[in-house]
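Since the structure comes first, as structure tokens, the remarks are kept for the end.
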Amino acid sequence: MIKGFKEFILRGNVIDLAVAVVIGAAFTAIVNALVQGLINPLIGFLFQVGDLSDLNVTVPTLLGGTSTFEFGAILVAIINFVAVAAIVYFVFVYPMNRWKARAAARAGVNEAASEEPNLPTEQELLVQIRDLLERQNKI
């Protein structure tokens with residue numbers, strides 16, 4: 001049992017995943033600081049509120065009270081998510097895909113050709129079926 005756990009932990013993909021989580025957390029902190037310190041105040045300035053998370057709407061309820069919808073916090077979360085996703089894509093995913101494509105081009109490997117084996121055409125299959133049927137009928 002311990003041996004299996006050791007093999008699991010020392011697998012390359014587990015280590016890669018752990019590094020990705022740590023890097024992702026670090027980038028999330030940076031992007032959150034950027035959004036909170038720069039983007040939210042700019043949007044808050046447009047809506048004339050001090051902080052975007054203070055953006056809310058108060059509506060009367062059916063029983064005479066009020067209810068507050070704090071959609072500023074939702075906007076902050078959406079902006080943070082989009083910013084993190086964009087940075088991860090443009091800093092890591094896009095350059096890595098381009099690098100892989102260039103490496104494959106240098107090696108002369110066509111990814112589409114390596115993924116699909118050469119399958120017989122429909123006509124070739126029909127000819128094979130016809131020949132098999134002819135052989136069976138002669139027996």
Exercise. Out of the residues in segment 109-122 that are at pLDDT below 80 and either outside any helix (DSSP H, G or I) or touching a helix residue (DSSP H, G or I) at 6+ places or on another chain (Cβ under 8 Å) (or both), which is farthest from residue 23 (Cα to Cα)?
Worked result: 117
For this session: Among the numbered conditions (1) modelled with pLDDT under 80; (2) not in a loop (DSSP other than H, G, I, E, B), tell me where residue 129 comes up short.
Result: (1)
Exercise. Which residue pairs have Cβ atoms closer than 8 Å, lie 6 or more positions apart in sequence or on different chains, and pair a first residue in segment 65-84 that is closer than 13 Å to residue 55 by Cα with a second residue that is in a helix (DSSP H, G or I) and small (Gly, Ala, Ser)?
Worked result: 70/53; 72/53; 73/53; 76/53
Exercise. Which of the helices (runs of 4 or more DSSP H) contained wholly in segment 1-97 include at least 2 residues that are surrounded by 11 or more Cβ atoms within 10 Å (Cβ to Cβ), touching a helix residue (DSSP H, G or I) at 6+ places or on another chain (Cβ under 9 Å) and not hydroxyl-bearing (Ser, Thr, Tyr)?
Worked result: 12-34, 40-47, 71-88
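The values are calculated or read from the model by the stated rules, or taken from the named source; none is laboratory data. Quantities reported herein were computed from a predicted structural model and do not represent experimental measurements. Heads up, the Cβs are rebuilt from the backbone with ideal geometry, glycines too, and the neighbour counts pull from every protein chain shown.
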